Amino acid sequence: MRPDSGPDKNRTVIYIYWKDNHVSVYLDTSGESLSKHGYRKIPFLAPMQESLASALILSSKWDKNSHFINPMCGSGTLAIEAALIAADRANGLLRTNYGFMHIKGYDETVYQQERKKAKEKVKRKLPFKIVATDNAPKAIEAAKQNAMTAGVDHLIEFNVCDFAETEIPDGNGVVIINPPYGDRIGEEDELEFMYTGIGDFFKRKCKGYIGYVFTGNPSLAKKIGLKTKRRMEFYNAKIECRLLEFELYEGSRKKRNDGVEE
């Protein structure tokens, strides 16, 4: 009979792959997946995987020293990951159990020393704003609780409002939006107006920033009505998606006959 110790991964997990006369044995020294950063106790509708949110941020042109604006924040994953990155707060600080702790030879003293070093690196204040908004009060409440669990609630400004009414601070930075794209929430026809509104919002309120839209619906992306600077491929579970980048200039890039930019 095939042995099975159950689904729990709170100790050292042993994986065995057996084919014909050959067997491979693996020790999982992590335990629970490292892609789960451990702070999202209250998910909202269609939550984004924490590791995916982090990858999107690191793929953007955010310099970690300018404003980070996240309308349609949902359960706050993008804003929380941005705060963790900016504050240099290791995700592993939220965990108290790893698979390697249950392997013979584990040295608790060494682990605690490394953990202390990671804690000492954490920044307590940021010289810029991280703003997260959503029109659903329950989403903002969930985002606040998740940020508190992550230890970064003091670094994020949360507001209940429509995405188009999000206050954009003076200066520069990035605005990143993860709108629904018709696969799980809403139908495509109903979302066209929203995507058109994102383009209007970028043009009207976000000049001087770099805009990003993460979507798995190419036809809806065209409704934004702005020329993309970059298109980066990602997968949200099995859904092929794109992170679209838009440079939002202070004025038109067209030049007049005398060569002056308008």
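Miscellaneous remarks
- Coil-residue trypsin sites (Lys or Arg not before Pro) of the stretch 162-239, DSSP, other Cβ within 10 Å capped at 15: Arg184, Lys207, Lys227, Lys229, Lys238
- Backbone amide hydrogens, once placed in the peptide plane, bring Ile177 within less than 5 Å of Tyr212, Val213, Phe214, excluding anything fewer than 5 places away on its chain.
- Along principal axes, Cα extents of the chain, largest first, whole Å: 76, 45, 40
- Cβ-defined net charge surrounding Ser35, 14 Å radius [Lys, Arg +1; Asp, Glu -1]: 0
- Which of Gly211, Ile168, Tyr111, positive extreme of dipole for the chain (C-beta unit charges): Tyr111
- Expected 222 nm ellipticity per residue - DSSP helices of 4 or more, -39500 (n - 2.57), all of the chain, to 500: -8000 deg cm²/dmol
- Span from the the stretch 162-177 Cα centroid across to the the stretch 100-158 one, whole angstrom: 23
- Count, lysine Cα pairs under 24 Å in the stretch 196-252, 8 or more residues apart or across chains: 14
- Amide hydrogen proximity for Phe234: with H placed 1.01 Å from N in the peptide plane, the residues at 5 or more positions away or on another chain lying under 5 Å are Cys241, Arg242, Leu243.
- Count Lys and Arg as plus one, Asp and Glu as minus one, and take only other residues whose Cβ is under 9 Å from that of Lys123; the net charge is then +3.
- Restricted to Cα atoms, the stretch 26-87 shows a radius of gyration and a Dmax of 13.1, 43 angstrom.
- Peptide packing: for 16-29, 169-182, the average count of neighbouring Cβ atoms within 10 Å per residue gives the ranking 169-182, 16-29, highest mean first.
- Derived scalar couplings ³J(HN,Hα) [the stretch 87-100; Karplus, 6.51 cos²θ - 1.76 cosθ + 1.60; whole Hz; x for Gly, Pro]: 7, 6, 9, 5, 4, x, 5, 7, 9, 10, 9, 10, x, 5
- When the alpha carbon coordinates of the stretch 157-197 are projected onto the principal axes, the ranges are 35, 19, 15 Å, largest first.
Here, each number is a calculation from the coordinates, and none is a lab measurement. Since the structure is predicted, the reported quantities are computational estimates derived from the model, not experimental observations. Cβ sites come from the backbone with ideal geometry, for glycine too, and all protein chains shown count toward neighbours.
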